[in-house]
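Participant: The structure is given below, and queries will be raised subsequently.
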Amino acid sequence: VVSATGLAFPDALGASGLAGAHGSPLLLVGASVTQALTDEIDRLGATNVVLVGGESAISGPVYDALAAKYSVTRIWGQDRYLTAAAVAREIVDLGGNDEAAYFVRGDDFADALSVSPFAYGLETPVLLVRTNGVPAATANIIDELGLTGGWIAGGTAAVDADTADDLEALLGAKPVRLQGLDRYATAVAIAQAHVTMSAADYSYVGIATGTGFADALGGGAAAGANGGVLLLTKPTELSSATKTVLQANMALIDGIHVFGGEAAVTKAVYDAIAKL
């Protein structure tokens with residue numbers, strides 16, 4: 001299994017592609033190793049745990065507690081950008097996509113969550129950029145891996161035009177920008193783009209809150225494993241972009257999973273989805 005902290009989002013954003021390369025679930029860990037976590041690892045019959053992130057993300061005591069039962073490795077860098085680069089290197093070493101990557105802002109999670117099913121399903125790295133620039137760690141891994149294309153998640157408020165130009169210079173090709181008017185419409189745009197390229201379909205739809213990251217991280221891997229898409233909603237109101245795409249593809253949907261309890265997605269939103 002691949003595991004990342006559930007207390008912060010940056011390291012886990014790239015972990016979806018790594019979980020896809022391993023064909024494993026993505027499990028979250030907190031400040032300590034819980035019985036629920038080890039029970040699930042044991043239920044899966046897993047003997048190896050790959051931790052994503054350094055000790056500031058997943059502490060030494062957590063590593064030690066897991067290492068007492070399983071074979072544990074840690075993939076990390078000195079910051080979130082270097083960690084994403086290290087994960088990308090591992091994905092390629094495992095036979096994952098060595099041609100393209102997803103580029104997402106490293107200081108927010110909303111747009112990046114929506115690419116997680118496709119990072120999983122296509123075994124593709126997720127690399128972090130700043131809104132107004134490409135960090136050296138990201139530029140270096142693009143060069144090291146010889147990446148020649150990719151996708152930017154979000155509009156220019158997330159990753160500005162100059163950063164897109166810098167990525168084009170590094171890749172030798174213009175990255176495709178997938179965006180909507182807000183995080184919910186961006187999730188729809190990302191989903192639709194991958195359905196169009198036959199990388200996913202609407203038979204499986206996962207829905208998570210767009211205002212938190214934890215449920216969508218594990219849920220994104222589940223959606224990717226099922227060849228489906230991940231859509232986002234407001235916690236107390238079914239977002240209009242999500243409602244529209246559900247209505248448009250109703251005949252194709254075999255099932256919907258809503259990730260998280262009622263504190264994340266209220267009963268009113270669940271009922272609105274069920275009514276559709």
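The values are calculated or read from the model by the stated rules, or taken from the named source; none is laboratory data. Note that this is a predicted model, so its numbers are computed, not measured. Note that each Cβ is placed from the backbone with ideal geometry, even for glycine, and that neighbours are counted across all protein chains shown. Side chains included, ligands, DNA and RNA excluded: accessible areas come from the protein's heavy atoms. Shrake-Rupley method; radii C 1.70, N 1.55, O 1.52, S 1.80 Å.
Participant: With charges set only on the Cβ (+1 for Lys and Arg, -1 for Asp and Glu), what does the dipole of the range 185-276 come to about its Cα centre, in debye to the nearest 20? List each step's numbers first, then the result.
Facilitator: Values: 4 positive and 6 negative charges, 29 e Å.
Here the range 185-276 has a charge dipole of around 140 debye.
Participant: Which one, 95, 133, 23, has the greatest fluctuation when you compute a Gaussian network model over the chain with C-alpha springs under 10 angstrom?
Facilitator: For the chain, modelled as a Gaussian network with Cα springs under 10 Å, the answer is 95.
Participant: Then there's this: Nearest-5 percent of antiparallel DSSP beta bridges in the chain? Each step should come with its number before you reach the end.
Facilitator: On the way: 1 of 33 bridges.
Around 5 percent of the beta bridges assigned by DSSP in the chain are antiparallel ones.
Participant: Going toward the positive end of the dipole of the chain, with +1 on Lys and Arg Cβ and -1 on Asp and Glu Cβ, which of 3, 157, 256 do you reach last?
Facilitator: Value computed over the given set: 256.
Participant: Another question, if that's okay. Could you go through the range 174-188 in sequence order and give the Karplus-derived ³J(HN,Hα) for each residue, using 6.51 cos²θ - 1.76 cosθ + 1.60 with θ = phi - 60°, rounded to whole Hz, and x for Gly and Pro?
Facilitator: Taking θ as phi minus 60°, the curve returns 6, x, 7, 8, 10, 8, x, 5, 8, 4, 6, 5, 5, 4, 5 Hz for the range 174-188.
Participant: Along the charge dipole of the chain, which of 191, 96, 133 sits closest to the positive end, that is, farthest toward it, with unit charges on the beta carbon of Lys, Arg, Asp and Glu (+1, +1, -1, -1)?
Facilitator: 191
Participant: Of the accessible area of the chain, with the probe set at 1.4 angstrom, what percent is carbon plus sulfur? If you can, show how the numbers build up before the last one.
Facilitator: Numbers: 5660 of 11340 Å².
It is 50 percent, rounded to a whole number.
Participant: Just 12, 139, 21 to compare: in a GNM of the chain, with alpha carbon springs under 10 Å, which one fluctuates most?
Facilitator: 139
Participant: Would you work out which of 145, 82, 30 lies farthest towards the positive end of the dipole of the chain? Charges go on Cβ: Lys and Arg +1, Asp and Glu -1.
Facilitator: The residue sitting farthest along the positive end of the dipole is 30.
Participant: Now, a different point. Just round it to a whole percent: the fraction of Cα-Cα distances in the chain exceeding 33 Å. Display every interim value, and only then the final one.
Facilitator: Numbers: 6419 of 37950 pairs.
When all Cα pairs of the chain are counted, 17 percent exceed 33 Å.
Participant: Please build a GNM for the chain, connecting alpha carbons under 10 Å apart, and tell me which residue among 261, 106, 155 fluctuates the most.
Facilitator: Result for the chain, Cα springs under 10 Å: 261 fluctuates most.
Participant: Using the crude model of +1 on Lys and Arg Cβ and -1 on Asp and Glu Cβ, and no other charge, please compute the dipole size for the chain relative to its Cα centre, in debye to 20. Intermediate results must be reported in sequence, preceding the final value.
Facilitator: On the way: 14 positive and 29 negative charges, 117 e Å.
The calculated dipole for the chain is roughly 560 debye.
Participant: Another question, if that's okay. Going by accessible area, probe 1.4 Å, with all protein chains left in place, what is the ranking of 213, 118, largest first? Could you put the intermediate results ahead of the total?
Facilitator: Working: 213 35, 118 5 Å².
Listed by decreasing accessible area, they come as 213, 118.
Participant: Using only the Cα atoms of the range 116-244, build the gyration tensor, take square roots of its eigenvalues as a ≥ b ≥ c, and label the shape rounded, prolate or oblate: rounded if a/c is under 1.5, else prolate if a/b is larger than b/c, else oblate. Working shown, then result.
Facilitator: Working: a/c = 1.99, a/b = 1.56, b/c = 1.27.
Taking the square roots of the gyration eigenvalues as a ≥ b ≥ c, the range 116-244 is prolate.
Participant: Okay, moving on. What does the charge count near residue 66 come to, summing +1 for each Lys or Arg and -1 for each Asp or Glu among other residues with Cβ under 14 Å from its Cβ? Let's see the in-between values first.
Facilitator: Working: positive: 69, 74; negative: 39, 40, 42, 55, 64.
For residues surrounding residue 66, the net value is -3.
Participant: With every protein chain kept in place and ligands, DNA and RNA left out, what is the accessible area per residue of the range 59-123? Probe 1.4 Å, answer in Å². Provide the component values of the computation, followed by the final result.
Facilitator: On the way: 2600 Å² over 65 residues.
Per-residue value: 40 Å².
Participant: Quick check on the range 203-270: what are the equivalent-ellipsoid semi-axes from the Cα gyration tensor, as sqrt(5λ), descending, whole Å?
Facilitator: Numbers: eigenvalues 61, 46, 16 Å².
After scaling each eigenvalue by five and taking roots: 17, 15, 9 Å.
Participant: Please work out, to two decimal places, the log10 of the ratio I(q)/I(0) at q = 0.11, 0.22, 0.25 Å⁻¹ from a Debye calculation in which every Cα of the range 48-134 carries one identical scatterer.
Facilitator: -0.34, -1.13, -1.26
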